[in-house]
Structures are given as C-alpha cells and as structure tokens.
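Q: Take a look at this one; I'll ask things after.
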Amino acid sequence: MVEKIIGIDLGTSNSAAAVVIGGRPTIIPSVEGVTLYGKAFPSYVAITKENELIVGEPARRQAVLNPEGTVTAWKRKMGSDHKYVLHGKEYTPQQLSAFLLQKIKRDAEAFLGEPVKKAVITVPAYFNDNQRQATKDAGAIAGLEVVRIINEPTAAALAYGLNKLDQEMKILVFDLGGGTLDVTIMEFGQGVFEVKATSGDTQLGGTDMDKALVDYIVDSYRKDTGIDLRKDASAMNRVREAAERAKIELSSMTETEINLPYIAYDSSGPKNLYMRINRATLENLVRPIIERCRTPVNQALQDAKLQPEDIDKIILVGGPTRMPIVQEFIKEVLGKEPERGVDPMECVAMGAAIQGAILAGEMKDKDIVLLDVVPISLGVETLGGIFTKIIDRNTTIPIRRSEVFTTAADFQTSVEIHVLQGERPMAADNVSLGRFTLSGIPPAPKGVPKIEVTFDINADGILTVTAKDLGTGRDMSIKITAPHRLSKEEIDRMIREAEQFAEQDRRKKQEAELRNEADSVIYTVEKALNELGDKVPGETRKEVEEQVRKLKEALAGKDVSAIKDSLERLKKAAQKIGGAVYGEGGPGSGKEPKS
Amino acid sequence: MSDDTVKALEAEKKELMESLLYAKAELANLRRVMENEVRRSESAAVERIMRKLLPFYEDFERVVRGLSAESVNPTVYEAVIMLFKELENLLQSEGLEKMDVMGKEFNPFDHEAVEFIESSDVSVETVVEVVSPGYKLHNRILKPPKVKVAKPYKPP
C-alpha cells in the first residue's frame, strides 16, 4: 500500500487537514467534531496552571479563563525571534505550530486507521525563506516529515485542477478569512505556478461582518423597546447564534426572520425579539467592510502590472466568500465570474492533499481527480430521434459501458451509430461527435440482430465507440479524441438548457416513444394477420385492418392524442386475434438504433 | 519466442501484477473508509437536524417556563405543556441529552468558558452559571455548554 501523505492548511486562527482516499481529497475531522466556521482545528494552544498542554478546540474553550496560558495567531510571528511566555515558560512559534501539528497527526491517524508520517503544509505566498523553514521545523518537531511546503493560493488552484488545463493563465486568488485578507496573483505555465504579486489586509475579515450584523440587531431592538441586550451575556449569545444562522440563510434566500422569544424581561413581563432581515439590509451592513477589499485587489494588479481583464481565473478562498455580495464584488472589480465547485473553506487543505498524493505517487501530476469525470452525458441516437445515454454525466473515468441494440426494420443489413453528447432527451438538441456505419449484418427480421455498442473512455479522456454484431462478430469503431473539451461555460449552458427545456423535451420524447410503439404494434399485428391467415375470422380481420389503417393515418399527422387513441383502439381490436400470437411476445420491444 | 521477449513479458507481467495488487489494496481500503463514512454520514444527518431543532426547542422551553396556568386558558396551558413534553421525548429518543453542568468542575473538553468571576467559595474552577445549555448526542458533545466560571480567589 502507498504511504499516505496528508495535506495541512496551517491557518492563523483555524487549520484544516485533508488526505486523498480512493482518488479523492477528503477532509480529516477532528475528534471533537467540526467547529464553527468549518475548519476542524482552531489554531489555539494552551498550557494550564497544572502544566497540562491543551490544543485546538478545547484550548479555545478555556481561553477566557486562562489568557496568560493561551495563545493563538502565532502564525504572524513565524520565522521571527519572538517568544511566547506561557506560565513562565518560553515557547517559539515553531513549537506552538508543532503542538497543533501533533494534534492533527493524531486525529488523522485515528481517521485513517494507519500511521501518518509525512505531510504537505501550506503557507501564505508572501512567506519568506525564514518563515518557510520555520514551518518545516515545526513539522519536524511534531514528528512529521514535511515533504513539501506549498503556497496557499497554489493549493487552492490545485484543488480546482487548474494545473491540469494545458494552458498558460493568470490566476487571482482572493482569500478572505475570519480576520485577514490575502490577495495573490499567480501565473501558471509549463506546470509551474509563479507568484506575481501579493497584497492584503491583516485586520479585515468575516468577524467584522458578523459584528456589524449583531450590532444592527441589538441597536434596532434598543430603539424599539429601550432595552439594551448588551448587558445580558446569555441574550447576547442567543443574538450571535441567530445572526450566524440568518447570515447563512441570506446566502440562499433574500429574506429571513429572527425569532427570539423571551429575550428580555421588564416590569411588564417577558419580551420577544422578532425581526425580518432581508439580503439588502445585510449587504448594506457589510458593504463598507467589503469595500475595504478593493485597495488590496487593485494593489496586487498594479504590482503585477496587469489589468483586470488580464486575469483568466479567479479563485475564492475562505468562509466569507460564500456570501453572494462578496462574489458580486469580485465580479464587479475583475469583470469575471469566479471558479465554483470546491468549498472555499476546504480548498487549501484539499489542494495540499492532492499535492501530497502526487508526491506519494498515488496520483499522476496530470490526473487531478476533481476534473476526472465526464462533464456531459454521452450516448447514441436511437429510433425516433431519441438520445439514449450510455455514460451519464459526472461518471469517473476511465470507464467502459456497453448496451445491446437491435435493428428497426426487417432485413436491415446496416446500422448507423450516431454518437452525441448532451443532456437533452432528443438527439437533435445535443451535440454530434461523429457517426459511423456497421454493415454486413445478415438479413433478419427486425429486432433479431443483436448489436452491442460499447463506449470506452480511457484515462486520457479519449472516447472509443465500438459497434459489434454479436451474431457475426463483425465490428466497427470510431475514436473521438477529447470528447469533453468543452469550456466550463458551454457545460454550464448545456446543463442549464436541459433544465430549462425539461418539460418540452419530455413531451417530445414521449411523442417519439409513442410513435415507436405504434410502429411496432402495427408491425406485430400485420405479421400476425399474415402468419395466421384463415385462422383469423373474417370479421375480426376486417376490424383489425381498419384500425391499422386509422393508426397509420394518425401517424402521418401531428396530432399526438389521435395517435394515442388509435393505438389503444388497435390494441383492443388486436386482442381478438387471440392469445396465441401474443403469448410468444413479438419483436420490436427494446431500443433500436436509427437505421 | 526469443528469451528477450519472454523476459520482457515476464517483467511486464510482474509490473501488471503489482499494480493489480495495489489497486486491490486500495479498493479494500476504500471499502473500509466508505463503511465508516456511511456510518458517519448517517450520524451527521441526525446531527444536522438536531442542530436545527435545538434553538427551537430551547425557545419553546423558555416560553413554557414563562407560562403559568393562571394567565392562560387551562386547557390551552395543558395542551402546550403536552406538546413540549412530546417534543422533548422525541429528541431524547433520538439520543439527545441535555448536559447537567451547574456546580461541576470546569473542563475545556466538555465546556466552553465565556465569562469568569473570582470567588473564595470555590477551591477549583467551577461552573456557576449556564449562559447557553450544552447537549450530547449519543454521548458525544453536540454543542458544548457556554458557561460562567468561578475561579478560586487568591488574596494578593
């Protein structure tokens, strides 16, 4: 078994870790469970009076009681000579990081059920050699071999698989955390990420936004009732929790309610807090804070000697970037949509884990799993113009899938295989990738030949479609290179269209299926009439033939309900022919390739 | 077949066998992790819904505590109490347990301190007020209680 190399995002106030399992980066939970703001390990270390060491979430929980023995945000002093004094004993930032890394190592071992000895650790792009070496040393103290130090923005880009795209590009990473903003501009080319510029603000983040919302709620309540909740710790705690919930809800909804019954008491009895907050209110509250991000972004562009339109990809990192207003702000400043799909809280740790897996030989440099799926469904056109999916969207490659089809007409000696990609049920609405004909099928009644169609996508994303006549063993194939080299915009559009046209498409498909069924019933009935000859009483024959004629007429027209009715009447009439014929089960069921 | 070809094929076979073994091992590992993951995501689902219900339950409790039989219609009073009990039973049957921490020695693995006072009445750090109650779900802490702690007062 390959030895796992875990990825660690060693943050100022919170840290996270991930590991690639079965080709996918997975977040490592702490034994205490996930904490507020999503990252599992608060960057806190405490020494108690009894000289006990406490790390992570429990250390955070006792910080109020033991301020002289608790430390956080030591990352800001990494690489310096600064010493922290906890209950009379000195600690270097490296040692404090080591305590946290030890805890992460232990919890990772508990999660994986195997020893963990190696790690990739991320650092801010602006860290100098000293600071990087200090981070490496911290790993060594913790008993972890730091196989590589990588930049946080590079890790984020790896999580998005940007290194897999075979093109040069300029990437802006906007990392807005709880208390700091880091803006990094990188250039990617020849498999290397190069930092062009960094800027930021060490006193700007999500905590400021939370505080603005809490202040608003408390101030409005005081204006309405004259009651000041700030004096009541328990009430303030309820307001903070409700504000956090409201903030999350307002990311997906435009309005929410805050209901806090019995939040306070006065001479007349208990008082409730009821407030409606809409997204616009929240946005007005946080806008001044978000506006402060503008200068660092412009500064980074200026330092890199770039214009906003030169940036090819934008990556958002950090919990506050989940807010729609932050995303809109970035779009406004840079004129481009940021990348989507990876949790902004997790992407740095995930990228570090991917780098770890590459170094462990578990993953090849190019196969970043996050993109190693078929982005759009692949399939063939079948009778009536229906698109029959063979490989569904988001299937992981390499993959091989087969399906058996048959002919649509008697004595058909060739079938055309029309390969398409798309999400819409009708072939005509999807994108054609190629077509080929398999000929030399021995003449037989329709539905008898068995044609196996195989879709095979190899690890490089090359699609080979093979059609094989199972009767003769003859086969034909077509190779389609990079069938899914669609841009992200194209993919999004195709998926959007599929949703938009779902109802209309469903009707079209139903109509095509109804027509197929009608054709097949007519075929079966006519065949039965021929074979049974005189055994069918004259009256019945006449009636059935009349219904067949009517159904054919209906099929020539466009009235779907007329086809449906005629088909039902024919089925009913045909029953009179007798059970013998139907007992055998006629051909014509199942799917048939377009002839 | 020449010796060289045999050698080449043998080497190739060895390589393939090795990669097959790796793939099998990885699959076995993946299966084990997946089984854990399924269990974890099951409890995570319960956890998620419990987290959403908690504020509602706490507010309900507050309202019930403030109710008195005199101020409202007795039947309505009884009905509200019944509903509250029902909700409480339901949460308990799913494994939710309110933590009883008043007067206990403070422990950062179970409690979160938000305030403190100094007191000569205590000899160890002691929980003297619950600012926000804590809950366990199946014996694991779902939400730690936020507490006010009395620290032993040491005369200067």
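Q: Being modelled with pLDDT under 95, closer than 18 Å to A:Ile27 by Cα, open to solvent by 30 Å² or more (accessible area, probe 1.4 Å) and within 17 Å of the chain's Cα centre (by Cα), is that true of even one residue in the range A:352-363?
A: For the range A:352-363, residues modelled with pLDDT under 95, closer than 18 Å to A:Ile27 by Cα, open to solvent by 30 Å² or more (accessible area, probe 1.4 Å) and within 17 Å of the chain's Cα centre (by Cα): absent.
Q: Please give the helices (runs of 4 or more DSSP H) falling wholly within the range A:223-313 in which 2 or more residues are within 11 Å of chain B (Cβ to nearest Cβ).
A: Per the criteria, A:233-252.
Q: Does B:Glu47 satisfy the condition of being open to solvent by 40 Å² or more (accessible area, probe 1.4 Å), within 14 Å of chain A (Cβ to nearest Cβ) and assigned to a helix (DSSP H, G or I)?
A: yes
Q: Here is a further query. When you look at A:Ile417, is it open to solvent by 10 Å² or more (accessible area, probe 1.4 Å) and in a strand (DSSP E or B), yes or no?
A: no
Q: In the range A:510-527, how many residues are basic (Lys, Arg) and open to solvent by 70 Å² or more (accessible area, probe 1.4 Å)?
A: So the count comes out to 1.
Q: A further question on this structure: Which residue, of A:Asp201, A:Asp210, A:Asp215, is within 27 Å of A:Thr12 (Cα to Cα) and in contact with a Leu (Cβ under 8 Å, 6 or more places away or on another chain)?
A: A:Asp201
Q: Starting from the range B:113-130, take each residue that is within 7 Å of chain A (Cβ to nearest Cβ) and list its partners that are of a type in the set (Phe, Trp, Tyr), counting only C-beta distances under 7 angstrom and pairs at least six apart or across chains.
A: B:Ala113/B:Phe106; B:Glu125/B:Phe106
Q: Can you pull out the residues in the range A:432-460 that are in contact (Cβ under 8 Å) with a residue 60 or more places away in the chain and assigned to a strand (DSSP E or B)?
A: Those that are in contact (Cβ under 8 Å) with a residue 60 or more places away in the chain and assigned to a strand (DSSP E or B): A:Ile451, A:Val453, A:Phe455, A:Ile457.
Q: Collect the residues in the range A:183-217 that are open to solvent by 30 Å² or more (accessible area, probe 1.4 Å) and assigned to a strand (DSSP E or B), keeping them in residue-number order.
A: A:Glu187, A:Val192, A:Phe193, A:Glu194, A:Val195, A:Lys196, A:Thr198, A:Gly200, A:Asp201
Q: So A:Ala16 passes all but one of these: (1) touching a Leu at 6+ places or on another chain (Cβ under 6 Å); (2) more than 11 Å from chain B (Cβ to nearest Cβ). Which condition number does it fail?
A: Among (1) touching a Leu at 6+ places or on another chain (Cβ under 6 Å); (2) more than 11 Å from chain B (Cβ to nearest Cβ), A:Ala16 violates only (1).
Q: OK, next. Based on what the data block shows, is B:Lys146 of a type outside the set (Asp, Glu), within 30 Å of A:Ile54 (Cα to Cα) and more than 10 Å from chain A (Cβ to nearest Cβ)?
A: Answer is no for this residue.
Q: Has the range A:61-71 got any residue that is facing another protein chain (nearest Cβ under 10 Å) and of a type in the set (Asp, Glu)?
A: No, the conditions are met nowhere in the range A:61-71.
Q: If I filter the range B:1-32 down to residues being within 13 Å of chain A (Cβ to nearest Cβ) and open to solvent by 100 Å² or more (accessible area, probe 1.4 Å), which single residue comes out as nearest to the chain's Cα centre (by Cα)?
A: Filtering first and then ranking leaves B:Arg31.
Q: Tally time: how many residues in the range B:43-71 are β-branched (Val, Ile, Thr) and closer than 17 Å to A:Lys271 by Cα?
A: Here the count works out to 2.
Q: From the list B:Leu54, B:Leu83, pick out the single residue that is at negative phi, assigned to a helix (DSSP H, G or I) and more than 14 Å from chain A (Cβ to nearest Cβ).
A: From the options B:Leu54, B:Leu83, the qualifying one is B:Leu83.
Q: Just to be sure before I move on: is B:Ile117 farther than 30 Å from A:Asn66 by Cα, among the hydrophobic types (A, V, I, L, M, F, W, C) and open to solvent by 40 Å² or more (accessible area, probe 1.4 Å) in the structure I sent?
A: no
Q: When both residues are 6+ apart or on different chains and their Cβ atoms are under 8 Å apart, which pairs have a first residue that lies in the range B:73-90 and is over 16 Å from B:Arg62 (Cα atoms), and a second that is of a type in the set (Val, Ile, Thr) and surrounded by 10 or more Cβ atoms within 10 Å (Cβ to Cβ)?
A: none
Q: So if I check each of A:Val453, A:Val465, A:Val448, which one is within 30 Å of A:Ala556 (Cα to Cα) and at pLDDT 85 or above?
A: Being within 30 Å of A:Ala556 (Cα to Cα) and at pLDDT 85 or above holds for just one of A:Val453, A:Val465, A:Val448, which is A:Val448.
Q: A:Gly533: modelled with pLDDT of 85 or more, on the phi > 0 side of the Ramachandran plot and either open to solvent by 30 Å² or more (accessible area, probe 1.4 Å) or part of a helix (DSSP H, G or I) (or both), yes or no?
A: Criteria not met by A:Gly533.
Q: Quick test for you: out of B:Val131, B:Val122, pick the one residue that is β-branched (Val, Ile, Thr) and outside any strand (DSSP E or B).
A: B:Val122
Q: All but one of (1) open to solvent by less than 90 Å² (accessible area, probe 1.4 Å); (2) within 13 Å of chain A (Cβ to nearest Cβ); (3) at pLDDT below 90 hold for B:Val76, so report the exception by its number.
A: (2)
Q: I would also like to ask the following. Of everything in the range A:36-51, what is within 10 Å of chain B (Cβ to nearest Cβ) and either out of contact with any strand residue (DSSP E or B) (no Cβ under 6 Å at 6 or more places or on another chain) or without any contact (Cβ under 8 Å) to a residue 24 or more places away in the chain (or both)? Give them in sequence order.
A: Hits for the range A:36-51 are A:Thr48, A:Lys49.
The values are calculated or read from the model by the stated rules, or taken from the named source; none is laboratory data. All figures in this text were calculated on a predicted structure; none of them were measured in a lab. Reconstructed Cβ throughout: ideal geometry from the backbone, glycine too, with neighbour counts over all protein chains shown. Keep in mind that these areas ignore ligands, DNA and RNA; they rest on the heavy atoms of the full protein, side chains included. Shrake-Rupley method; radii C 1.70, N 1.55, O 1.52, S 1.80 Å.
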